[in-house]
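**Student:** Here's a structure for you.
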Amino acid sequence: MIAGRFKDSISMLTSALSEWPTGQQRDRGLCLARLANAYAVAGRIEESCESGKLALIALGQAPSARTATCLRQLRGKLVPHRRQADVVGLQELLAKAV
């Protein structure tokens, strides 16, 4: 993502999630939060919200400062889309959690 290759990032993160080992919920949450950010930057807002919600669930099960930071970054990336229903719902959840 740092290099601006969001499509590659999305592909790599989705692939990693499909093979994620059981019992590593905290790291899975971070991966989901990073995926949500990549989707947001790529303009895939619905998928960003979906991944963001899953990251929030993981954060609730296994707290992580890195995941919380990543989700705060997601809030900023979704501001241009703040009127979309799915974004409104996620922003409310994010405001309560992070």
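**Student:** Any residue at all in region 44-56 that is farther than 21 Å from K7 by Cα, at pLDDT 95 or above and either buried (at least 16 other Cβ atoms within 10 Å of the Cβ) or of a type outside the set (G, A, S) (or both)?
**Tutor:** We begin by selecting, within region 44-56, every residue farther than 21 Å from K7 by Cα; these are 56.
When the remaining residues are screened for being at pLDDT 95 or above, the result is 56.
Pick out the ones that are also either buried (at least 16 other Cβ atoms within 10 Å of the Cβ) or of a type outside the set (G, A, S) (or both) and you get 56.
Checking region 44-56: at least one residue is farther than 21 Å from K7 by Cα, at pLDDT 95 or above and either buried (at least 16 other Cβ atoms within 10 Å of the Cβ) or of a type outside the set (G, A, S) (or both).
**Student:** Among the residues of region 26-37, write down those that are more than 8 Å from the chain's Cα centre (by Cα) and either surrounded by fewer than 18 Cβ atoms within 10 Å (Cβ to Cβ) or of a type in the set (A, V, I, L, M) (or both).
**Tutor:** R26, D27
**Student:** Tell me the helices (runs of 4 or more DSSP H) entirely within region 1-67 that contain at least 2 residues that are of a type in the set (K, R), closer than 17 Å to A97 by Cβ and touching a residue at least 12 places away in the same chain (Cβ under 8 Å).
**Tutor:** Numbers: elements: 6-18, 25-41, 45-61.
The helices (runs of 4 or more DSSP H) meeting that bar are 25-41.
The values are calculated or read from the model by the stated rules, or taken from the named source; none is laboratory data. Quick caveat, the model's predicted, so the values are computed rather than measured. Note that each Cβ is placed from the backbone with ideal geometry, even for glycine, and that neighbours are counted across all protein chains shown.
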